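All of the numbers you see were taken from the coordinates with simple rules; none came from a lab. Computed from a predicted model, the values in this text were never measured in an experiment. Positions of Cβ are generated from backbone atoms using ideal geometry, with glycine treated the same way; all protein chains shown enter the neighbour counts.
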Amino acid sequence: MGFADLSIQSIATEYDLTVQSVFDLCDQLGIAYKNQDTNLALEDAKAVIMQILHRQQSASELGGLS
């Protein structure tokens, strides 16, 4: 499996999240990491990003209901 040039820190920064929230996503998805500088495997990075986007979309849809 190839590695994406994306660390947990860079994903957190890109999506305006805390490093801890990305750690939590990794834990939920069963993705191993050592620290915020861990570069994720390509498929793992995609899974984390897709989960972030899904949550952001869900949050924006809920905000539109009020």
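So how tilted is helix 19-29 from the main axis of the chain? Cα-based, degrees 0 to 90, rounded to 10.
80
Residues of the range 36-57 with the amide nitrogen closer than 16 Å to a label point 7 Å from the Cα of residue 13, along Cα-to-Cβ, please.
Backbone N within reach: 36-40.
Can you give me the angle between helix 42-63 and the longest principal axis of the chain, using Cα atoms only, in degrees from 0 to 90, rounded to the nearest 10?
Long axis of 42-63 versus the principal axis of the chain: about 10 degrees.
Restricting things to Cα coordinates, could you compute the convex hull volume per residue of the chain in Å³?
In the chain, the Cα convex hull volume per residue is 80 Å³.
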